[in-house]
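Following: one structure in structure tokens, then a few remarks.
The values are calculated or read from the model by the stated rules, or taken from the named source; none is laboratory data. Note that the structure is predicted; figures quoted are calculated from it, not measured. Cβ: placed from backbone, ideal geometry, glycine included. Neighbour counts: every protein chain shown.
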Amino acid sequence: MAGLSGAGREGYPPIGPSRGPPEDRWRTVEDVTFSPALPHRHLKPAWLTPAVWALAWLSFASGVAQFGVVTVVGDVAAAFGNVTSGDDMAAQIGLTATTLSLGLAFIRGSSILALPATAFADRFGRRRTLLVCTVVGLVATVATSISWDFWVFVLLAGLARPFLTTVNSVTAVAAAEETGTVGRSAAIAFVGASYGFGAGVVSVTRGLLPGGFRGVMLISLVPLLTIPVMQRWVRDPYVFGASQQRRRPLRFIPGAVPTEYRTRLVLLSLIAGAVAVLSGPGFTYLFVFGERMVGASESQMSLLILAAGPVGLLGLVVGRWVSDHLGRRTAAGFTMGAAAVFTALTYRGSFTFLIAGYLFAILASSAFGPALASLVAESFPTRVRSTATGWTAAAGTVGAVGGLALFGVLADQLGGFEPAMIALAAPVALTSLLFLLVPETLGTDLDAVTAEPAP
């Protein structure tokens, strides 16, 4: 390709209009990954680059911080509540289910602030947004260890949540932009697996640390101290740099999406919100239900989370294969319905159902993740891709908040976790049919959906 104009970004080849044929006017992400004429050809497999490893580490750090809050929910309730020998839920947990749900709903609800942060990633770059949000989120998580009241813990955890949610969203976007069509779902799955690995680490180490919930919250210090070293491999993907050079000098409005993409965005946001209605309480109450209601020990719950690691990895592999061979919609729709059914089975009332339901729910949810993330990444142009991901994350936040709040009320009114979970699972499973209205994107090149022409 001759006649390129404009400077490249961070060692990438220059980009710009070509004097060649119209179909070759812009380099695509496929060119960067596979062309023998470009300097990145030695990185094999194409998607497993140092940049993807760095994104995986940031995702791991987010998993440690966010899942740490989930693992200590029961400990926090017991520390600041009043555990007695009664048979009702409040006596066993320490707080009423409604109070605990409101606190958890506040923490999840704060994730709505991730929407403007993800929009900033489209304006100011993936790298800058990721590093700032990772550091702030980890610092706030560590600060929860000094909490002296339940609502102080909730406030500090709520402060960390939007920054960590932004890390989740932008790492998925950056992983998609760092790879070509063939390796995209694999890179997204790898980054998602890293989050799950972080969750597993904090769950397993929970029973080995002194200090109750305070010791668990201090685990986030470890990934925080590695950021000065890891930041050298975090970069703005090439396709983002190309989009920035082609972007028209329009007024920046955080959260704005072009009209032609809004219907698709609404559908994907509805789906993400519906999934979170169930996964919010379904995974958040796991330790409370297992230890306080079923009678499982801390070691048993840690082993369960440890077993979920390879099961989740298997789910990512299955999800990637189905997504790449049968389509994003098929993979996402089927696994969403399966996850709803198995999440409901988790709360049937015995440790056997807890084990089987949770592991199968992890399998289905892990398979669902790469399919949905690939579908979102391939449905929007680079200049609003992170913003669109932010909208789906915001919808997930609204769904999780609604699910947590509603679940607590239903559990108190219906007399248990099982009927409350069934009442949430049924409509969520039916919502998977919305994937029939979403266009299939399998095989889409990310530059092909950058609908903005060169200035």
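For region 34-62, what are the residues that are of a type in the set (Gly, Ala, Ser) and modelled with pLDDT under 50? If the condition is that a residue be of a type in the set (Gly, Ala, Ser) and modelled with pLDDT under 50, then 35, 37 are the ones that fit. Taken together, the residues in region 405-440 that are aliphatic (A, V, I, L, M), in contact with a helix residue (DSSP H, G or I) (Cβ under 7 Å, 6 or more places away or on another chain) and farther than 21 Å from residue 286 by Cα amount to 3.
The one condition from (1) in contact with a Lys or Arg (Cβ under 9 Å, 6 or more places away or on another chain); (2) in a helix (DSSP H, G or I) that residue 380 does not meet is (2).
Would you mind stating whether residue 375 is surrounded by fewer than 24 Cβ atoms within 10 Å (Cβ to Cβ) and at pLDDT 80 or above?
Against the criterion (surrounded by fewer than 24 Cβ atoms within 10 Å (Cβ to Cβ) and at pLDDT 80 or above), residue 375 does not qualify.
Mind counting the residues in region 280-321 that are of a type in the set (S, T, N, Q), in a helix (DSSP H, G or I) and surrounded by fewer than 23 Cβ atoms within 10 Å (Cβ to Cβ)? Looking only at that region, the number is 3.
Here is a yes/no grid of residues against (1) among the β-branched types (Val, Ile, Thr); (2) in contact with a strand residue (DSSP E or B) (Cβ under 6 Å, 6 or more places away or on another chain); (3) within 15 Å of residue 308 (Cα to Cα); (4) without any contact (Cβ under 8 Å) to a residue 60 or more places away in the chain:
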| residue | (1), (2), (3), (4) |
| --- | --- |
| 336 | no, no, no, no |
| 340 | no, no, no, no |
| 344 | no, no, no, no |
| 347 | no, no, no, no |
| 359 | no, no, yes, yes |
| 372 | no, no, no, no |
| 376 | yes, no, no, no |
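What number of residues within region 314-335 satisfy the criterion of being in contact with a helix residue (DSSP H, G or I) (Cβ under 6 Å, 6 or more places away or on another chain) and aliphatic (A, V, I, L, M)? Residues flagged as in contact with a helix residue (DSSP H, G or I) (Cβ under 6 Å, 6 or more places away or on another chain) and aliphatic (A, V, I, L, M) within region 314-335 amount to 5. Taken over region 152-182, the criterion of being buried (at least 24 other Cβ atoms within 10 Å of the Cβ), at pLDDT below 85 and over 12 Å from the mean Cα position of the chain (by Cα) is satisfied by 174, 175, 176, 177, 178, 179.
Residues of region 282-321 that are under 17 Å from the mean Cα position of the chain (by Cα) and basic (Lys, Arg): 320 alone.
Tally time: how many residues in region 154-179 are in a helix (DSSP H, G or I) and either in contact with a His (Cβ under 6 Å, 6 or more places away or on another chain) or β-branched (Val, Ile, Thr) (or both)?
First, the residues of region 154-179 that are in a helix (DSSP H, G or I): 154-177.
Next, only the ones that are either in contact with a His (Cβ under 6 Å, 6 or more places away or on another chain) or β-branched (Val, Ile, Thr) (or both) stay: 154, 165-167, 170-171, 173.
Qualifying residue count for the region: 7.
Please find, within region 322-362, the residue that is farthest from the chain's Cα centre (by Cα) out of those that are hydroxyl-bearing (Ser, Thr, Tyr) and part of a helix (DSSP H, G or I).
Here the residue is 352.
Looking at region 354-364 only, could you name the residues that are crowded, with 16+ Cβ neighbours inside 10 Å and of a type outside the set (Val, Ile, Thr)? Spell out how you get there, then give the answer.
Within region 354-364, the first condition is being crowded, with 16+ Cβ neighbours inside 10 Å, and the residues that meet it are 354-355, 357-364.
Within region 354-364, 354, 357, 358, 359, 360, 361, 363, 364 qualify.
Only residues that are assigned to a helix (DSSP H, G or I) and surrounded by fewer than 19 Cβ atoms within 10 Å (Cβ to Cβ) were counted across region 403-417, and they come to 5. State whether the residues of region 117-126 include one that is part of a helix (DSSP H, G or I) and within 29 Å of residue 213 (Cβ to Cβ). Within region 117-126, one or more residues are part of a helix (DSSP H, G or I) and within 29 Å of residue 213 (Cβ to Cβ). Checked against (1) buried (at least 21 other Cβ atoms within 10 Å of the Cβ); (2) within 24 Å of residue 175 (Cβ to Cβ), residue 347 meets all criteria but (2).
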